[in-house]
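To start, the structure under review is shown below, and the notes come after it.
Where a number appears in this text, it was derived from the coordinates with a stated rule and is not lab data. In this text, all values refer to a predicted model and were calculated from it rather than measured experimentally. Please note: Cβ atoms are built from the backbone with ideal geometry, for glycine as well, and neighbour counts cover all protein chains shown.
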Amino acid sequence: MADPERVIADWERDASEKAARFKEMAEQVEQVTITESVAGGAIRVTVDHNGLPMDIAMTDGVRGMEPAEIASNVMAAIRKAQSRYPERLAEILADTVGEDDPAARHILAKAEETFPAPPDEDLSEREERMVFDDVEDERAPRPRPAPSRRAQSR
């Protein structure tokens, strides 16, 4: 039978080591930034470890684009950058807490769910144009209401 004091000491040591590895993982994850570009480099976006845009830069290459195309390309660049996050996270997890840790597997699965690979770019562009067309149609001027009876009787 194992010595209970030794078992407790081993458990405490293992828990402390695991906590230190997770702390290191969290510190490394907080430093993650990912930059991607689209439209031949005309639009570049950097996202942080939460997938939020930190920087959006455009070159003169956007001058010939319609506003909806610029917006669509910005969103495509964001999705492209975000989709690389699970890969970077997997590297950090492997280097700190290990790939076999159940918590690490859960964290990675959630990242893959949140930031999936971007859809086929051609399909994505068509879908974005449809969305922007819908938005533009909703903003179209509404017809004026018919004059009230009081205004007509004057």
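Summary of computed values
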quantity: Derived scalar couplings ³J(HN,Hα) [the range 105-118; Karplus, 6.51 cos²θ - 1.76 cosθ + 1.60; whole Hz; x for Gly, Pro]; calculated: 4, 5, 4, 5, 4, 5, 5, 5, 5, 6, 10, x, 4, x
quantity: Pairwise FRET efficiency - A117 versus E17, Cβ, R0 = 30 Å, nearest 0.05; calculated: 0.30
quantity: Gap separating the Cα centres of the range 92-114 and the range 1-45, nearest whole Å; calculated: 9 Å
quantity: The range 20-136: Cα Rg divided by the 2.2 N^0.38 Å rule of thumb; calculated: 1.23
quantity: Fewest-first sequence of R21, R6, R105 by Cβ atoms within 10 Å of each Cβ; calculated: R6, R105, R21
quantity: Full-extension gain in nm, R105 to D48, via 0.36 nm per residue minus C-alpha separation; calculated: 18.4 nm
quantity: Summed residue charge, Cβ within 13 Å of R6's Cβ, Lys/Arg positive, Asp/Glu negative; calculated: -4
quantity: Computed label-point distance, nm, for sites I56 and T33 using a 7 Å Cα→Cβ extension; calculated: 1.7 nm
quantity: Residues L52, L89 arranged by fewest to most Cβ contacts within 10 Å; calculated: L52, L89
quantity: Stretch gain in nm, segment V7-M65, where the contour uses 0.36 nm per residue and the Cα spacing is subtracted; calculated: 14.2 nm
